[in-house]
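**Q** Before anything else, here's the structure in question.
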Amino acid sequence: MKTVKVGLVGVGTVGRGVVEVLQRNCEEISRRTGSQIVVVAACARDVEKATEFLGPEVKVFNDPLDVVRDDNVDIVIELIGGTTTARTLLLEAISLSKPVVTANKALIAECGNELFAQAAANGSIVAYEAAVAGGIPIIKALREGLAGNRIDSVAGIVNGTTNFILSEMREKGMSFEEALGDAQRLGYAEADPTFDIEGIDAGQKLAIIAAVSFGISIQPEKVYCEGITKLTEADILAAEEFGYRVKLLAITKRRTDGFEMRVHPTLVPDKCVIASVDGPMNAVLVHGDAVGPTLYYGAGAGAEPTASAVISDLIDVIRLQRANAAAYVPHLAFQREHLSDVPILDMGEVESSFYLRIRVRDEPGVLSDIAGILAEYAVSIEAMRQRESNSNDEGVDIVIFTHKTKESSINDASKKISALEAIYNAPARLRIEMF
Ligand code: NDP
Ligand code: HSE
């Protein structure tokens, strides 16, 4: 049996998961590839610790480029994260015609267009299934399984850390900080968790999803990103009261005038499937014109779920080594020369229904002032309710559900409502998706 020699750059949460799953499932994997996979080299900052884990037969370097340049290494797996060293080492691997497997969404989102162009020019492969939605094979589904469709929309939970935090806060009454600490301990969070909690990680994944769904370049800078740090317990509780759950959703939609790309906390009806996706699990709902709605569910973060995706890419790459480069699935699903430049829509153009919570002085006329302003900006009210505050704060909450309205109209109306004398705070607002 042929031996395929792998260089592992990064022996952290995912790197260790990959080694463990490769060892445990070596027989199954060999039967699938017809090859024996051996990790021959690795790179870690702490060489001693990595050697202790990998065993003395694996050569452990301190410099990632040493792994890439090692003549013994056929395929490189990049699991260090970040966009500087990782970019350099991927470019080096591509120039040496060594296929690379990566789980690095920040790198693919920021540098994917460049890396894929280089790889295509060199007839090389950069495989990145693990970069999006952890263990769910969503890239394969979008690039291959749904290739006969015109994809209309993709929406879902693509960040395990924030979904875990929201679930822990709701189910166990944990504080945000406690839940984030647990997510870090469990290996779900990014090295810098700001990427998770501010929606950046989900935004990077969404930019990749939109690219492979619609055949556009990867444009992370065009994703509207709102994380979960400004969410209040009051809104999570109010959502429950009205039959909703709050989820951090990543949404991209095809419209006649462009594509929407947005990440934000969203109210979803508690009876819909997405609402019951809890903990570090992810779920992605894809709508194709031929297939209709399809749903993909699984662990979005963690050592072994991510290893599952990394190893699936590794197996693909090994199989493709016997193929001509022309037979490779294009990195972004569509032929490079047919990528489109349809614009990404400004967030102001996006239409949603909204939940608004406005803390007001309990006195006559306030409600009609608020309703008047909403009418002025053509925001139609679907339901309105006064809600007694659970805290000892002054005032009462007015909760309003609107019909679909433009984001720019809600922004303008909120600004004017905030200026009313009887208002304590700017309206808290959340978009609603019904699926
Ligand atoms: P970790 O921080 O656990 O592991 C990264 C490892 O790389 C650490 O051991 C780190 O060493 C090492 N490292 C970083 N820079 C260098 C360098 N220049 N030279 C040598 N070693 C280096 O991260 P994860 O394993 O969680 O994540 C790895 C990648 O996988 C990231 O891109 C992440 O976004 C992605 N990913 C992670 C998932 C998860 O659930 N954790 C899921 C999907 C993707 P040190 O600790 O000393 O800094
Ligand atoms: N930090 C990421 C998450 C890891 O929580 O989803 C998986 O990409």
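**Q** Which residues, counting only those in segment 158-185, are more than 10 Å from ligand 2 (Cβ to nearest atom) and aliphatic (A, V, I, L, M)?
**A** LEU166, MET169, MET174, ALA179, LEU180, listed by residue number.
**Q** Going residue by residue through segment 234-242, is there one that turns out to be of a type in the set (Gly, Ala, Ser) and assigned to a strand (DSSP E or B)?
**A** Checked segment 234-242: no residue is of a type in the set (Gly, Ala, Ser) and assigned to a strand (DSSP E or B).
**Q** In segment 412-429, is there at least one residue being on the phi < 0 side of the Ramachandran plot, surrounded by 19 or more Cβ atoms within 10 Å (Cβ to Cβ), among the hydroxyl-bearing types (Ser, Thr, Tyr) and not in a strand (DSSP E or B)?
**A** Yes, because at least one residue in segment 412-429 is on the phi < 0 side of the Ramachandran plot, surrounded by 19 or more Cβ atoms within 10 Å (Cβ to Cβ), among the hydroxyl-bearing types (Ser, Thr, Tyr) and not in a strand (DSSP E or B).
**Q** Kindly evaluate ILE251 against the criterion of being outside any strand (DSSP E or B), touching a residue at least 40 places away in the same chain (Cβ under 8 Å), in the same structural domain as PRO269 (by TED's automatic domain parsing) and not charged (D, E, K, R).
**A** For ILE251, the condition - outside any strand (DSSP E or B), touching a residue at least 40 places away in the same chain (Cβ under 8 Å), in the same structural domain as PRO269 (by TED's automatic domain parsing) and not charged (D, E, K, R) - is not met.
**Q** Do we have any residue at all in segment 258-266 that's part of a strand (DSSP E or B), surrounded by fewer than 22 Cβ atoms within 10 Å (Cβ to Cβ) and on the phi > 0 side of the Ramachandran plot?
**A** Within segment 258-266, one or more residues are part of a strand (DSSP E or B), surrounded by fewer than 22 Cβ atoms within 10 Å (Cβ to Cβ) and on the phi > 0 side of the Ramachandran plot.
**Q** Next question, about the same structure. Please list, ordered by residue number, the helices (runs of 4 or more DSSP H) wholly in segment 97-205 having 1 or more residues that are within 14 Å of ligand 1 (Cβ to nearest atom) and free of Cβ contacts under 8 Å to residues at least 12 places away in the same chain.
**A** It comes to 176-185, 194-197.
**Q** Give me the residue from segment 209-224 that is closer than 23 Å to GLU129 by Cβ and not in a helix (DSSP H, G or I) and, out of that set, nearest to the chain's Cα centre (by Cα).
**A** VAL223
The values are calculated or read from the model by the stated rules, or taken from the named source; none is laboratory data. None of the values given here were measured: they were computed from a predicted structure. Using ideal geometry, Cβ is built from the backbone for each residue, glycine included, and neighbour counts are taken over all protein chains shown.
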